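The values are calculated or read from the model by the stated rules, or taken from the named source; none is laboratory data. Fair warning: this is a prediction, and the values are worked out from it, not measured in the lab. Cβ coordinates were reconstructed from backbone atoms using ideal geometry, including for glycine residues, and neighbour counts include every protein chain displayed. Areas reflect the complete protein model, heavy atoms only, side chains present, ligands, DNA and RNA absent. Shrake-Rupley method; radii C 1.70, N 1.55, O 1.52, S 1.80 Å.
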Amino acid sequence: MTQHYTLKNNLTLTLREATPDDAEHILGHMEQTSGESENLTRGPGDLDITIEEERDFLQACADSPTGLYLLAEIAGELAGILSFQTGKRPRVCHVGEFGITVLRKYWGLSIGGYMLAYLIDWAKVGGIVRKINLLVRTDNLPAIHLYEKYGFVREGCSTRDMYIGGQFVDCYLMGLEIDPSVAEA
């Protein structure tokens, strides 16, 4: 489902689910954001994915009731990505983890919040996902604030989760439980 929002700078944000045809643009976005933030698990040049592999991954997400690959676009430019996947086995197909990126030039415009709200609504409507998890650096206070605003709670701390510039970085595990509403039950 495509959604449109007017951002505080009066640009129009379009959220839509990715298709295999988006693979090349997604890989370009991933490489660019890798060099813009130390908050990601990858750095510049760390991508080891071909366009064909990305197309296959996007098709698998589209075919899965528990996989979401969401694109945020502004004036035809890929401004942000949110990807979510659950486990494949019956015991873990209800719980998954997401990752999110936004181009630096669009930081502070609430794009992450719009994508996060989309993910939560998508999970509630789908009825399969019952828990959304994420890892976030303990020093990434803006992201932690965003996640807490949407109901995520800190569930633990993973020490030495990343190693950047000769320093270990700890991450919080945060989670959001998704339960059916009374009307759905």
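Select from the stretch 128-151 the residues that are within 14 Å of the chain's Cα centre (by Cα), open to solvent by less than 50 Å² (accessible area, probe 1.4 Å) and under 15 Å from Glu97 (Cβ atoms) and list them in ascending order.
Within the stretch 128-151, Ile132, Asn133, Leu134, Val136, Ala143, Tyr147 meet the criteria.
Among strands (runs of 3 or more DSSP E) lying entirely in the stretch 1-89, which contain 1 or more residues that are aliphatic (A, V, I, L, M) and more than 21 Å from Met162 (Cβ to Cβ)?
Where strands (runs of 3 or more DSSP E) fall fully within the stretch 1-89 and carry at least 1 residues being aliphatic (A, V, I, L, M) and more than 21 Å from Met162 (Cβ to Cβ), they are 12-17, 67-74, 77-86.
Testing Val125 on (1) modelled with pLDDT under 95; (2) among the β-branched types (Val, Ile, Thr); (3) outside any helix (DSSP H, G or I); (4) open to solvent by 50 Å² or more (accessible area, probe 1.4 Å), one condition comes back false. Which one is that?
Only one criterion in (1) modelled with pLDDT under 95; (2) among the β-branched types (Val, Ile, Thr); (3) outside any helix (DSSP H, G or I); (4) open to solvent by 50 Å² or more (accessible area, probe 1.4 Å) is unmet by Val125, namely (3).
Please tell me if Asp179 is assigned to a loop (DSSP other than H, G, I, E, B), over 18 Å from the mean Cα position of the chain (by Cα) and within 22 Å of Ser37 (Cβ to Cβ).
no
I'd like to know if the stretch 58-68 contains one or more residues that are more than 27 Å from Val153 (Cα to Cα) and open to solvent by less than 20 Å² (accessible area, probe 1.4 Å).
Looking for residues that are more than 27 Å from Val153 (Cα to Cα) and open to solvent by less than 20 Å² (accessible area, probe 1.4 Å), one finds at least one in the stretch 58-68, hence yes.
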